[in-house]
Every structure is written in structure tokens, then in C-alpha cells.
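The values are calculated or read from the model by the stated rules, or taken from the named source; none is laboratory data. Everything quoted here is computed from the prediction, not taken from an experiment. All Cβ positions, glycine included, derive from the backbone under ideal geometry; neighbour counts span all protein chains shown. For the accessible areas, the whole protein counts, side chains as well, though only heavy atoms, and no ligand, DNA or RNA atoms are used. Shrake-Rupley method; radii C 1.70, N 1.55, O 1.52, S 1.80 Å.
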Amino acid sequence: QVQLVESGGGLVQAGDSLRLSCAVSGRTLSNYNMGWFHQAPGKEREFVAVISRTAGSTNYADSVKGRFTISRDNAKSTVYLQMNSLKPEDTAVYYCAAARGLVLPTTSSQCDYWGQGTQVTVSS
């Protein structure tokens, strides 16, 4: 079983930066493609970013391209999401997810394991 624990969320002002971390335990991180999703109140969980097992490939939602960067350190069993130039519309609970499949996951159904989420609130 894989356990994922997110951290790094908080309350910031528009234009600020945050770095989220996702600590993975129970299995070797390099076995999984990893993604970040977010869910705002009253909305569906949405794709934010994904990174392949060896970090050779990444993909981002259009809304975060150029502002967010996903990375991973397999030796530390940790995945990161650097979020710059934050906007109020980025406010959501951010979830880390692990996927066993070969395809880089961009939907919730493609992910096998989830963390509990960390709240990010951006004030205007």
C-alpha cells in the first residue's frame, strides 16, 4: 500500500509563491507517475500537473502553465509543486496522486492512490 502525505499549503496573497510537498511511503516512488490535482468548493477535482516516473515528461493544465512547476526526488520519495504568481482562482484543496499505469494521469480515475490534501488559499 502506498501512503501520500501533502504539506506546504497555507494562506497567501495574490502574486505570492508556495511550494507543496508530497511525501510518499510504502512503495518505491519511481514505480509511479505522480500528479497534482485540486478541488475548489462546489467543483469537481481537476488536474493540475503530472510528472513521469523518471521526471522525463511533465504536463500541466493550461491555467497553471508558466506559473507552476512539478518536480520529484525519487531518492527522497517526495514530489513537489512549486506555485508562483498565485491567483485567487488557485484557491483549492491540493491533492497528490500516484498512478501505476503507463499513461501520465490527467484525470482522477487514472490515479490509484491519493493523499489527504492540503488547503491553499490565495487572497486578492
For the stretch 12-26, what does the Karplus curve 6.51 cos²θ - 1.76 cosθ + 1.60, with θ = phi - 60°, yield as ³J(HN,Hα) per residue in whole Hz, taken in order and with x for Gly and Pro?
-> 9, 9, 4, x, 6, 10, 9, 10, 8, 10, 10, 8, 10, 9, x
Counting pairs of alpha carbon atoms under 8 Å apart in space and at least six apart in sequence, what relative contact order in percent does the chain give?
-> 36
Under a 1.4 Å probe, what is the accessible area of the chain per residue, stated in Å²?
-> 49
Could you check which residue among Thr69, Thr91, Thr107 shows the biggest mean-square fluctuation in a GNM of the chain with a 10 Å Cα cutoff?
-> Thr107
Taking a straight Cα-to-Cα line shorter than 15 Å from Lys65, and setting aside same-chain aspartates and glutamates fewer than 8 residues away, one finds Glu46, Glu89, Asp90
Quantify, in whole percent, the carbon and sulfur part of the accessible surface of the chain (1.4 Å probe; protein heavy atoms only).
-> 46
Rounded to a whole number of µm²/s, how large is the Stokes-Einstein D of the chain at 20 °C and 1.002 mPa s, given Rh as the Kirkwood radius over C-alpha pairs?
-> 152
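Just to confirm the filter: which trypsin sites (Lys or Arg not before Pro) across the stretch 58-124 are DSSP coil and have at most 16 other Cβ within 10 angstrom of their Cβ?
Numbers: sites: Lys65, Arg67, Arg72, Lys76, Arg100; in loops: Lys65, Arg67, Arg100.
Here the trypsin sites (Lys or Arg not before Pro) that fit, given the DSSP loop and packing criteria, are Lys65, Arg67, Arg100.
Could you compute the net charge surrounding Tyr32? Neighbours are other residues with a C-beta less than 9 Å from the C-beta of Tyr32; K and R count +1, D and E count -1. Walk me through the intermediate numbers first.
On the way: positive: Arg27, Arg53, Arg100; negative: Asp112.
Cβ neighbours under 9 Å give a net charge of +2.
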For the stretch 83-89, Karplus couplings with θ = phi - 60° (6.51, -1.76, 1.60), whole Hz, Gly/Pro x | 10, 10, 6, 5, 10, x, 6
Interchain or sequence-distant (5+) residues whose placed amide H lies within less than 5 Å of the amide H of Arg72 are Tyr80
Under the Karplus relation with 6.51, -1.76 and 1.60 and θ = phi - 60°, whole-Hz ³J(HN,Hα) for the stretch 71-78, x at Gly and Pro, equal 8, 8, 10, 5, 5, 9, 6, 9
What is the distance, in nm, between label points placed 7 Å from the Cα along the Cα-to-Cβ direction at Ser17 and at Lys43?
-> 2.4
Compute the distance in nm between two label points, each set 7 Å from the Cα along the Cα-to-Cβ direction, one at Val5 and one at Ser71.
-> 2.2
